[in-house]
Amino acid sequence: MALRYPAMTLTVIVAVITLPALVGACGRGTVFLRDNGYQRLLVAIDDEVGEDARLVQRIKDVFVNASRLLFQMSRQRAYFEDVHILIPDSWSDQAEHLAPTWQQVDKSDVTVGPVPADQAGQGAGDAPFTVRTTPCGELGLFIHLTPQYLLNDTLAAQSGPYDKVFLHEWSHLRFGVFDEYNEDDEIDFYAATNGELEGVRCPALLTGEMLDTVSQSRFCRFVDGQPDANCRFLPDIDSLPQGSGSIMFFTESNQVSEWCDDDVDKLKTLHNRQAPSEHNKQCAGRSVWQVLRNHGDFRDGQNPASNLTTPPATHFTLVKRRSQRTVLVLDMSGSMRDNDRIVRLGQAASNYLLTVARQGEAVGIVWFQETASIQVNLTQINNVTRRQLLQHVPKVAVGGTGIGDGLLKGLDVLEWGGGGTSGGGGTIILLSDGIQTHPPWVKDVVSQVRQNNVRVHTIAVSGEADKSLELVAQETGGLSFYYSDTNPSNTLNEAFLAMADAGVPWKQQQQQLASETAVLGAGERGATAFVIDPTASDDVTVAIAYTDDSAPVITMTSPSGRLITSVSPEYEVETSFKTIYISLGQMVETGEYQVNLTNPATREQNMYVTATARMTQGEEAPVVVRSQWRHQTVNFTATQQALYVSVSKGYAPVINTDVVATVENPPLTSSDNATSSVMSLLDNGAGSDVKKDDGIYSSYVTTFTANGRYNVHVLVRDVTGTVVADGVVGVGVPPSAARRRRSGYQRKSAPVESFQRISSPGSFTLQNYDASLGDMIPPSRISDLQVRRVGATSVELEWTAPGDNLDQGTAAGYVLKMTRDFEVLFSNHSQVVDVSDQQIMAGSLHSPLASGSRESITVYVSGGAATFYFAIQAYDNTSNISPPSNIVSATTAFAAQETSPFDPLVLTIVVSIAAGILIVGVVGILLHRRRSGSKNIERRRTKVMHPNF
């Protein structure tokens, strides 16, 4: 079978006019690199942090010192030029504090805040970490620092100097690289070309020794021909000369101050691409510098080395947070009559005003037809003004469509709208269903919107809505949603909720507990249920919107059996917008609520059920669900779309929970109904999922119907989940994790109480889809290939099965490569002969299991004590083949230990550089010896001196 290698790339560069230097999608900040200086870098101090001028000064000190080190490490290509610090609005006013414009919490690159009280001393504790979801080379979300870490020098010293630790995390966030050490549950050694075992590390010249973390001895047990799980590599950092790499391996030493590279003449920073580190697995063996050279900040000659010897000074701007200012810019043109769009708009907008907008925020309303009109200027939200604002929600649809004029009127409200909150910045929520018919056009006003630092979120109602909606959202850093009115859905309510939470500190965000649509015939009954958990039980509201003049009969039963009906004090009917509200208030019962619906009308009607709650204020960490697309615009022939959903309790990952996404596809024609596809998201470290059990659930999106807009609804429902108390959600374990190996640290977990959440990242747009092209999507790359056991003549391998299309479906077969030459497998993979069926002792290469299943195979090896290297690929029925997997190695030298793990042997593991890499001369002396009479395996410390430093 001739295998086809599609010309599909793994990353996309989305053109955003506001950024001079373009980088990959998915990051949340607006920072960019221009003329070697990073600008618009935002640090947000959490509202829970008490006022402390020392904290602001320490943040400045960290960036000043990190800027100097970054300038050195980047070889004069980058430094921190422009840093903005967002101050909590509870702090006292200072003359240097400016009003915010573009600076919002959810756009911060660095957050400074405490860990939840019930997680203090667990997980990352006060050590810095980075939350990220994406593959190698792509942007992460944010770096987290605690005030205790910043202000307690003794505490901070446990992780290393501030500047090195921050650049370790900045490397995760900005450049998308990974740690070059392994975590506690991963094998810390690999078989080198010379048959010896070597520790996972970078650079390659670093020496060290074996350590049993349980006995704290230099004796390690062997199981199945490999060191057991308690055996860790203890590096001798003092063996490194000054100016060595890598800060992605170690940040606690003065000797380490570089990234690893591939220059064989610079042994101090020579990348160890044989080591099965997380970085090598995810980045296909490329060094950190190789990733940097291909990064949008430096690729194609961007930001060449400066001729300065020291970087220019870092400039700081202090901005004080203020309440949200939002203008609803709503389409009331004639096409909004179609499919009751104006009715659904009224229901969603009124729900936003009554239950979603927060007390003290300012809201204004603009309508547009051919031209726009200001209905109400900025009005601070309270219990009285909520009702007053309902009078300005449109109910009649007539006329043409002038979206550009609507945007300009929205800017007027934000700039001059009164309420004591005028000025630059703010948010516009723009909803429209049609093509622009009257100027000014969106493309002509978007630059003015950007200049005013206004963020625009958009809702496209129907597939015919103007394509400029996504343009203005992307240009201004806003969200985009798509509501197809050909099928009933609750997308409008989900969109308003998501947009209202953008820019709001996470503990103040509203949690959506349920979002259901019921279509009931005359007299028909239906039921649904949702769960209230202890961490989201404040201001609980259930809203049921309906479409007939006859209001449905609603009853709700609490976990204790209490019945709520139309005569209960919590029950209210808003007849002008056909919505029933059940307000449970605060400190409600926790558990499952049953909602029963009856349609009393003589015809069919739709009902839209929404349940929301605010996070319970207290010491217990709340359950938080966030979702994001990998790309906002997807080119079918060049990019791969993925959905990421993080599930955490505070910052601790929640694992073993159910995450299901329903993707709404565009109709094939305007007369067709939209279709949908359902997919389960997994946290298994395979396919689109970067790391197993980190609380990030993901899946590739491979089911497409047509070019256009795709929307998604995510349901997270848990009854058996587990909180990894000693962990952080996402990738970016703190550098201090290396120290856990020395103490035999064991990860801790606990069950989580049942919960339910709804989330949506909005919509994405598919381009260049052509069904006639056939199957162009290969299986996803296997990145978790590992050696399970080693025998005298056999090696057992394990991995997670990919799918037919990326991580969906079932592949057709596997191609396994085996060789004794690492360099050939790494550099010329296709030249290595495939493993034949005759060499397979157990398992099969021709009958893959379904995506996400664990696969295993046993390969026959011969030739005595030797090292073997393996890599695997999957292919589908149309001969599309995945990229090569991570490379693993196995040596049969210690296979005798598999039947008696205590066989006598004293082993000196020589930590050296593979022979195929080093062509610069003799690099040291490798020593090993065996001794009979011992019951364990010992590693003696070995110093390897190199003449070429």
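The values are calculated or read from the model by the stated rules, or taken from the named source; none is laboratory data. Every value quoted in this text rests on a predicted model; they were computed, and no experiment measured them. Neighbour counts are summed over all protein chains in view; Cβ atoms, including those assigned to glycine, are modelled from backbone coordinates with ideal geometry. Accessible surface areas use protein heavy atoms only, side chains included; no ligands, DNA or RNA. Shrake-Rupley method; radii C 1.70, N 1.55, O 1.52, S 1.80 Å.
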Assess whether Q369 counts as being buried (at least 16 other Cβ atoms within 10 Å of the Cβ), in contact with a Phe, Trp or Tyr (Cβ under 7 Å, 6 or more places away or on another chain) and more than 25 Å from P488 (Cα to Cα).
no
Extreme residue, farthest from the chain's Cα centre (by Cα), among residues of the range 661-688 that are within 17 Å of A850 (Cβ to Cβ) and touching a residue at least 40 places away in the same chain (Cβ under 8 Å)
M679
Output the number of residues of the range 44-101 satisfying the condition of being over 30 Å from A305 (Cβ atoms) and either small (G, A, S) or open to solvent by 20 Å² or more (accessible area, probe 1.4 Å) (or both).
22
By residue number, the members of the range 712-729 that are touching a strand residue (DSSP E or B) at 6+ places or on another chain (Cβ under 7 Å) and acidic (D, E) are D718
In the range 679-697, what count of residues is obtained for those that are buried (at least 24 other Cβ atoms within 10 Å of the Cβ), assigned to a strand (DSSP E or B) and not hydrophobic (A, V, I, L, M, F, W, C)?
1
On the given criteria, is V264 more than 23 Å from R293 (Cβ to Cβ), among the β-branched types (V, I, T) and either at pLDDT below 95 or in contact with a strand residue (DSSP E or B) (Cβ under 7 Å, 6 or more places away or on another chain) (or both)?
no
Return the residue satisfying two criteria in turn: it lies in the range 882-896 and is farther than 30 Å from S851 by Cα and either crowded, with 23+ Cβ neighbours inside 10 Å or touching a Pro at 6+ places or on another chain (Cβ under 9 Å) (or both), and of such residues it is modelled with the lowest pLDDT.
F894
From V609, V588, which residue is touching a Phe, Trp or Tyr at 6+ places or on another chain (Cβ under 9 Å) and under 24 Å from V542 (Cβ atoms)?
V609
Just to be sure, is F249 over 27 Å from V43 (Cα atoms), open to solvent by less than 10 Å² (accessible area, probe 1.4 Å) and of a type outside the set (S, T, Y)?
no
Filter the range 780-795 down to the residues that are out of contact with any helix residue (DSSP H, G or I) (no Cβ under 8 Å at 6 or more places or on another chain) and charged (D, E, K, R) and list them by number.
R781, R788
Filtered residues of the range 788-827 (kept if basic (K, R) and in contact with a Pro (Cβ under 8 Å, 6 or more places away or on another chain))
K817
Among (1) open to solvent by 20 Å² or more (accessible area, probe 1.4 Å); (2) under 27 Å from W170 (Cβ atoms), A229 falls short only on (2)
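Would you call Y875 open to solvent by 10 Å² or more (accessible area, probe 1.4 Å), among the aromatic types (F, W, Y) and touching a Gly at 6+ places or on another chain (Cβ under 9 Å)?
yes
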Would you check if A498 is under 21 Å from R344 (Cα atoms), assigned to a helix (DSSP H, G or I) and open to solvent by 10 Å² or more (accessible area, probe 1.4 Å)?
yes
Do we have L471 as of a type in the set (A, V, I, L, M, F, W, C), in contact with a helix residue (DSSP H, G or I) (Cβ under 8 Å, 6 or more places away or on another chain) and crowded, with 24+ Cβ neighbours inside 10 Å here?
no
Inside the range 768-803, can you point out the residues that are open to solvent by 20 Å² or more (accessible area, probe 1.4 Å) and in a strand (DSSP E or B)?
Q786, R788, R789, S794, E796, E798
Per the list (1) in contact with a Ser or Thr (Cβ under 6 Å, 6 or more places away or on another chain); (2) part of a loop (DSSP other than H, G, I, E, B), residue check on P439 breaks on (1)
Return the residues of the range 375-404 that are open to solvent by less than 70 Å² (accessible area, probe 1.4 Å), among the hydrophobic types (A, V, I, L, M, F, W, C) and either in a strand (DSSP E or B) or over 17 Å from P440 (Cβ atoms) (or both); say none if nothing qualifies.
V376, L378, I381, L389, L390, V393, A397
Would you list the strands (runs of 3 or more DSSP E) that sit entirely within the range 536-649 and hold 3 or more residues that are more than 22 Å from A522 (Cα to Cα) and of a type in the set (G, A, S)?
642-649
